[in-house]
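Structure first, commentary second.
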């Protein structure tokens, strides 16, 4: 058989046959006097087995282990490992689908900043009446960033603290007031008296546990530079003062 005939019999491409030759999965027959390789039935049998193994999900290195005489692994062992790996993938997919269902079924639907956790989506929903505030929109984006980057334990702690702030009596109203004060700083200078007012109001809403000592004060940090640069100068100054107040450094 020529290479095209072999490929057609087994149902693969000639490119795949050449690739398997290159990897040592399929022996290369000697060339005939006319320069063509002459494939035998044995080549078709091996190639068909390679196809079956790859369709089961084995990687080509694992297929090589199965085919090699001295691989140290028999087919049952390799397939058992593959089955265990597929079971882990199934569990991961179930978890992902459960998260997707929670997002789709959450009250108000998925958040615009989503996908986010059901806990954060619930927090956004509670704050739904300030969706017209530019500062509230920035806050939601920042919370989504924190949720993505924080370790699971820290994420759970932060969501608990923020839920306590918003869920406390008058919590939403206080947040609305703070957002309005910060929005009003968009076009003013950093020494405007309203900066201190906004900082004090924001500090009153932020639990001390949310701001470890010294955080936000080292502006040599690249992330902090980018963080403050995302706000108008007066807004950035209000946030700086807030962090100093909450962290105990005074105003």
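The values are calculated or read from the model by the stated rules, or taken from the named source; none is laboratory data. The model shown is predicted, which means the values in this text are computed figures rather than measured ones. As a convention, Cβ positions derive from the backbone with ideal geometry for all residues, glycine included, and neighbour counts pool all protein chains shown.
The table that follows gives values for the structure above.
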| quantity | calculated |
| --- | --- |
| Answer from 66, 17 - the residue that is surrounded by 11 or more Cβ atoms within 10 Å (Cβ to Cβ), farther than 30 Å from residue 121 by Cα and modelled with pLDDT of 85 or more | 17 |
| Number of positions in segment 139-171 that are over 29 Å from the mean Cα position of the chain (by Cα) and outside any loop (DSSP other than H, G, I, E, B) | 1 |
| Members of segment 180-194 found to be more than 36 Å from the chain's Cα centre (by Cα) and in a helix (DSSP H, G or I), listed by number | 193, 194 |
| Any hit, segment 46-58, residues being modelled with pLDDT of 75 or more and in contact with a strand residue (DSSP E or B) (Cβ under 6 Å, 6 or more places away or on another chain) | no |
| Test result for residue 104, outside the structural domain of residue 68 (by TED's automatic domain parsing) and either modelled with pLDDT of 75 or more or touching a strand residue (DSSP E or B) at 6+ places or on another chain (Cβ under 7 Å) (or both) | no |
| Inter-residue pairs, beta-carbon under 6 Å, first assigned by TED's automatic domain parsing to the domain that holds residue 119 and within 19 Å of residue 205 (Cβ to Cβ) and in segment 140-163, second loosely packed, with under 14 Cβ neighbours inside 10 Å and at pLDDT 85 or above, 6+ apart | none |
| Test: residue 88 is surrounded by fewer than 17 Cβ atoms within 10 Å (Cβ to Cβ) and over 29 Å from the mean Cα position of the chain (by Cα) | no |
